[in-house]
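Bear in mind that the values in this text are calculations on the coordinates, not laboratory data. Since the structure is predicted, the reported quantities are computational estimates derived from the model, not experimental observations. Here the Cβ positions follow ideal geometry from the backbone for every residue, glycine too, while neighbour counts run over all protein chains shown.
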Amino acid sequence: MNRLYRVNEIFYSLQGEGFHTGRAAVFVRFSGCNLHCDFCDTDFAAAEELTLEQIVKRADALCRQATERPMVVLTGGEPTLQADEPLVGALHEAGFNFVAMESNGTHHPPRNLDWLTVSPKCQPVVERCDEVKYVFRSERSLRLCDIRADHFFLQPCDTGDAALNRAILGRCVDFIQRHPKFRLSLQTHKLIGLK
């Protein structure tokens with residue numbers, strides 16, 4: 001019997017955050033999470049159960065017009081609760097040569113990923129990743145953790161309130177100027193009206 005994955009949506013867009021900002025990407029957004037962040041933009045009520053083959057087929061269909069395979073981003077919710085090595089392997093076999101994951105770091109990811117982004121909300125079990133992206137509200141609420149990475153980003157929290165967002169952005173920029181290890185990550189997909 002084929003394993004079923006609970007998927008919120010699969011779509012083709014541009015990566016809007018972090019190191020790979022601006023790259024074409026197929027997003028596989030899994031439903032469900034072990035944390036309940038009040039700023040999460042995933043609608044967990046909308047989910048369907050798909051087989052590995054159905055996920056790969058939909059990803060393939062979305063980028064059929066592309067001259068080469070874009071990256072795939074496994075996201076959520078929390079993708080480590082469902083995404084596994086067989087799924088990553090099947091995406092690689094289908095020609096998607098770069099499979100990335102965005103995780104909260106509370107569970108170990110598949111070992112055959114090409115890129116791991118950890119956005120910790122608590123102390124992660126993951127000790128090493130390619131990039132760490134903290135959602136920033138204020139310096140006082142920022143809980144830095146002990147994780148090794150090649151790249152460190154701060155991303156201002158999108159509260160839905162324009163005035164509050166501007167204030168958060170200002171505090172974030174100030175923090176980065178005092179701590180140059182971090183780079184600013186804006187949600188550019190939202191700024192330019194993409195999903």
Where N is the number of residues in the chain, Cα Rg divided by 2.2 N^0.38 Å: 1.02
Rounded FRET efficiency, nearest 0.05, which uses the C-beta distance separating D174 from L62 and R0 of 35 Å: 0.30
Excluding residues fewer than 8 positions from K133 in its own chain, the lysines with Cα under 22 Å of it are K121, K181, K190, K195
What share of Cα pairs, in percent, lie more than 16 angstrom apart in the stretch 6-115? 55 percent
DSSP-assigned coil residues among GluC sites (Glu not before Pro) in the stretch 59-137, each with at most 14 further Cβ atoms within 10 Å: E68, E127
Each residue of the stretch 106-113 in order: what ³J(HN,Hα) in whole Hz does its phi give by Karplus 6.51 cos²θ - 1.76 cosθ + 1.60, θ = phi - 60°, with x for Gly and Pro? 7, 9, 6, x, x, 6, 9, 5
HN-Hα J couplings of the stretch 7-12 from phi, Karplus 6.51/-1.76/1.60, θ = phi - 60°, integer Hz, Gly and Pro as x? 10, 6, 6, 10, 8, 10
Which of rounded, prolate or oblate describes the stretch 154-195 when judged by the alpha-carbon gyration tensor and an a/c cut-off of 1.5? oblate
For the stretch 80-182, state the semi-axes of the equivalent ellipsoid (square roots of 5 times the eigenvalues of the alpha-carbon gyration tensor), sorted largest first and rounded to whole angstrom. 30, 15, 12
Among all helices in the chain defined by DSSP H, which have a length of 18 Å or more along the axis from Cα atoms plus a Kyte-Doolittle mean of at least -1.0? 162-178
